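Okay, so here's the structure we're looking at.
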Amino acid sequence: MMVRTDSMRLPGLPPIVLALTAQGVAVLVVATMVWLAAQFAVFVPRVSVLVWGVGIPAAALGKRWSLPR
């Protein structure tokens, strides 16, 4: 089990910048996955799947970076 410390938080950045960075990373990951799925298969994900697909990684990054809920 990993012990959470303040060293996991990126120093000097306000929480809003970290939250926006988490959202941006999640959007890029999901957009890349959707693009790859469209290139290699006839697969069109539902909007609800895309929303969950962005929200879950962004929340995980926020928790990793010790952001408040």
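Among the residues of the range 18-55, the one identified as surrounded by 12 or more Cβ atoms within 10 Å (Cβ to Cβ) and not in a helix (DSSP H, G or I) is 45. If residue 67 satisfies all but one of (1) modelled with pLDDT of 90 or more; (2) outside any helix (DSSP H, G or I), what's the number of the condition it fails? Unmet for residue 67, out of (1) modelled with pLDDT of 90 or more; (2) outside any helix (DSSP H, G or I): (1). Only residues that are modelled with pLDDT under 85, within 25 Å of residue 67 (Cα to Cα) and either touching a Gly at 6+ places or on another chain (Cβ under 8 Å) or of a type in the set (Ser, Thr, Tyr) (or both) were counted in the range 10-55, giving 1.
If you go through the range 17-52 and keep only what is of a type outside the set (S, T, N, Q) and in contact (Cβ under 8 Å) with a residue 24 or more places away in the chain, you end up with 18, 19, 22, 25, 26, 27, 29, 30.
The values are calculated or read from the model by the stated rules, or taken from the named source; none is laboratory data. From a predicted model like this one, the values you see are computed outputs, not experimental measurements. Don't worry about glycine lacking a Cβ; one is built from the backbone with ideal geometry, like all the others, and counts go over all protein chains shown.
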